[in-house]
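All remarks here apply to the structure that follows.
None of the figures in this text is laboratory data; all of them are computed from the coordinates on show. For clarity, every value in this text was computed on a predicted model and none was experimentally measured. In this analysis, Cβ positions are derived from the backbone assuming ideal geometry, glycine residues included, and neighbour counts consider all displayed protein chains.
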Amino acid sequence: MNPDALRGHMDALLLSVLEGGPLHGYAIIEALQERSGGALNVPTGTVYPALRRLERVGHLTSEWATVAGRRRRTYRLTSGGYAALAGERSSWRQFTDAIGSVLSPRPQESAPQPQE
């Protein structure tokens, strides 16, 4: 998938993955890839700065935990994060409805024929 297509949607993707419970950074990346059927292969250089930004604005909280014998920072949604996710989902539906309306063919209209 074109990385530019993700621009503006990373927050929603991260919040959605964390809705199921706390995860460490690499597990978040794996969840994005799994839930997208392999279409999303997001680099760590994109995910970690976004996680820190979401934490700064209060949508996430993090703590150190031992996972599989390794010390890792795990992230979880805050109440503000759940509210932000609801807003992101609403915005996404509006966006996809609008784009779908434009891209869907209109059966009652015939396509203009090219002039020669």
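Quick notes on this one:
- Cα-centred dipole magnitude for segment 24-115, charges only on beta-carbon of K, R (+1) and D, E (-1), debye, nearest 20: 460
- Loop-located trypsin sites (Lys or Arg not before Pro) in segment 1-69 (DSSP state other than H, G, I, E, B) with a sparse environment of at most 11 neighbouring Cβ atoms within 10 Å: ARG7.
- Highest-first packing order for the peptide set 22-28, 60-66 is 22-28, 60-66, based on the mean count of other beta carbon atoms within 10 Å.
- Using the average count of surrounding beta-carbon atoms within 10 Å as a protection proxy, the listed peptides 96-102, 45-51 rank, highest first, as 45-51, 96-102.
- Mean separation of Cα contacts under 8 Å (6+ apart) over length of the chain, as relative contact order %: 25
- Computed helical MRE - 222 nm, the chain, DSSP H runs ≥ 4 contributing -39500 (n - 2.57), nearest 500: -16000 deg cm²/dmol
- Remark: the chain projects, on average over all directions, an area of 10.4 nm² (convex hull of Cα atoms).
- Phi-derived couplings, Karplus 6.51 cos²θ - 1.76 cosθ + 1.60 at θ = phi - 60°, listed residue by residue for segment 9-24: 10, 4, 4, 4, 5, 5, 4, 5, 5, 7, 4, x, x, x, 9, 8 Hz, with x used for Gly and Pro.
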